Structures are given as structure tokens and as C-alpha cells.
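The structure under discussion appears below in the form of C-alpha cells.
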Amino acid sequence: MVKQQEKVDHNIEDCIENCVACHRVCLETIQYCLRMGGKHAEEKHIRLLTDCAQICQISADFMIRGSELHHETCAACAEVCGRCADDCAALGADDEQMQECAERCVRCEESCAEMAGE
């Protein structure tokens with residue numbers, strides 16, 4: 001039983017870290033995209049980055065305070081992160097910032113999907 005609890009605690013800590021890192025990179029990427037202009041600064045893309053940053057912060061907050069509802073926020077977070085990862089990857093195959101954002105979003109999507117029980 002103790003081993004199982006340690007695994008759960010470790011998974012939650014990893015997910016919190018992934019959510020915080022994704023939140024940060026999305027906020028950084030918003031600023032980058034606004035400076036780049038063009039397709040990077042399109043309203044739909046900026047809104048998705050903003051949605052991703054916010055749901056990551058909310059999910060991390062729910063897990064940190066031990067909310068019984070963190071599975072629900074993590075499910076939503078996984079969905080948004082997946083969409084954001086796809087969008088960033090499509091916009092910047094040769095763009096370091098966009099690729100970093102896509103990679104962080106994928107990591108967060110995977111850990112949140114695990115927390116959500118998907």
C-alpha cells in the first residue's frame with residue numbers, strides 16, 4: 001500500500017511540475033508570437049496559448065491543494081495541451097520557441113491524461 005501511495009504522490013508531483021512548466025512556456029510563447037506577428041499573432045493561436053497557460057495553472061493549483069476534483073481539471077488540461085501542442089508544432093517546424101512550447105505541451109498532456117485516468 002505504501003508503495004502505491006508513493007507512486008501516486010510522485011505522479012502528482014511530476015504532473016504539477018509539467019503544468020507549471022507548460023504554463024510558463026505558453027506565457028513566454030505568447031510574447032514571442034506577438035513580436036513575430038503574422039500567423040504567430042493570429043487571435044485563434046494567441047487564445048489557445050492563453051487557454052493552455054490558464055488551464056495548466058488551474059490544474060497545478062487543484063493538485064497542490066489536494067482537491068478531489070483535480071481529475072476533472074487534468075482531463076480538460078490534457079485536451080487543451082494536446083491542441084496547443086499541435087498548433088505550435090504546425091506553426092514552427094524550424095522555430096526553437098514553437099518547438100519548445102509544443103514539447104512542453106505534449107509532456108503536460110501526457111501527465112494530465114494519466115492523472116485524469118485516461
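Based on DSSP H segments of at least four residues, each scored -39500 (n - 2.57), the chain has a per-residue ellipticity at 222 nm of -30000 deg cm²/dmol.
What Kirkwood hydrodynamic radius do you get for region 45-102 when you take the inverse of the mean 1/r over all pairs of distinct Cα atoms, in Å? The answer is 11.9 Å. The string of couplings for region 35-43 from the Karplus curve (6.51, -1.76, 1.60, θ = phi - 60°) is 5, 5, x, x, 4, 4, 9, 5, 3 Hz, one whole number per residue in order, with x for Gly and Pro.
With every protein chain in place and a 1.4 angstrom probe, the accessible-area ranking of Arg83, Arg104, largest first, reads Arg83, Arg104. A convex hull fitted around the alpha carbon atoms of region 12-118 yields 74 Å³ per residue.
Rounded to whole numbers, the Karplus 3J(HN,Hα) couplings from phi for region 76-83 are 5, 4, 4, 4, 5, 4, x, 5 Hz, using 6.51 cos²θ - 1.76 cosθ + 1.60 with θ = phi - 60°, and x at Gly and Pro. Taking the average, over residues, of other Cβ atoms within 10 Å as the packing measure, peptides 14-25, 88-99 rank 14-25, 88-99 from highest down. Rolling a 1.4 Å probe across the protein heavy atoms gives the chain an accessible surface of 60 Å² per residue. The H on the amide N of Glu42, modeled in the peptide plane, is under 5 Å from the matching H of no residue at least 5 residues off or on a different chain.
Projected label points at Val20 and Ala90, each 7 Å from Cα along the beta carbon direction, are separated by 3.2 nanometres. Short-range pairs are left out: with C-alpha atoms under 8 Å and at least six residues apart, the relative contact order of the chain is 32 percent. At the residue level, His10 shows approximately 110 square angstrom of accessible surface with a 1.4 angstrom probe and all protein chains present. For region 27-78, the set of GluC sites (Glu not before Pro) satisfying both a DSSP loop assignment and a count of at most 12 other C-beta atoms within 10 Å is given as Glu68. Dipole of the chain computed with +1 at Lys/Arg Cβ and -1 at Asp/Glu Cβ about the Cα centre; of Thr29, Cys112, Ser59, farthest Cα towards the positive end is Thr29. Here each label is just a point 7 Å from Cα along the line to Cβ, and for Ala41 and Glu13 those points are 4.3 nm apart. The length gained on full extension between Gln31 and Thr50, counted as 0.36 nm times the residue separation minus their Cα-Cα distance, comes to 5.8 nm.
The values are calculated or read from the model by the stated rules, or taken from the named source; none is laboratory data. Since the model is a prediction, treat every value here as computed from it, not as a measurement. Here Cβ is always computed from backbone atoms with ideal geometry, including for glycine, and neighbour counts include all displayed protein chains. Side chains are part of the model used for accessible areas, which takes the heavy atoms of the whole protein and leaves out ligands, DNA and RNA. Shrake-Rupley method; radii C 1.70, N 1.55, O 1.52, S 1.80 Å.
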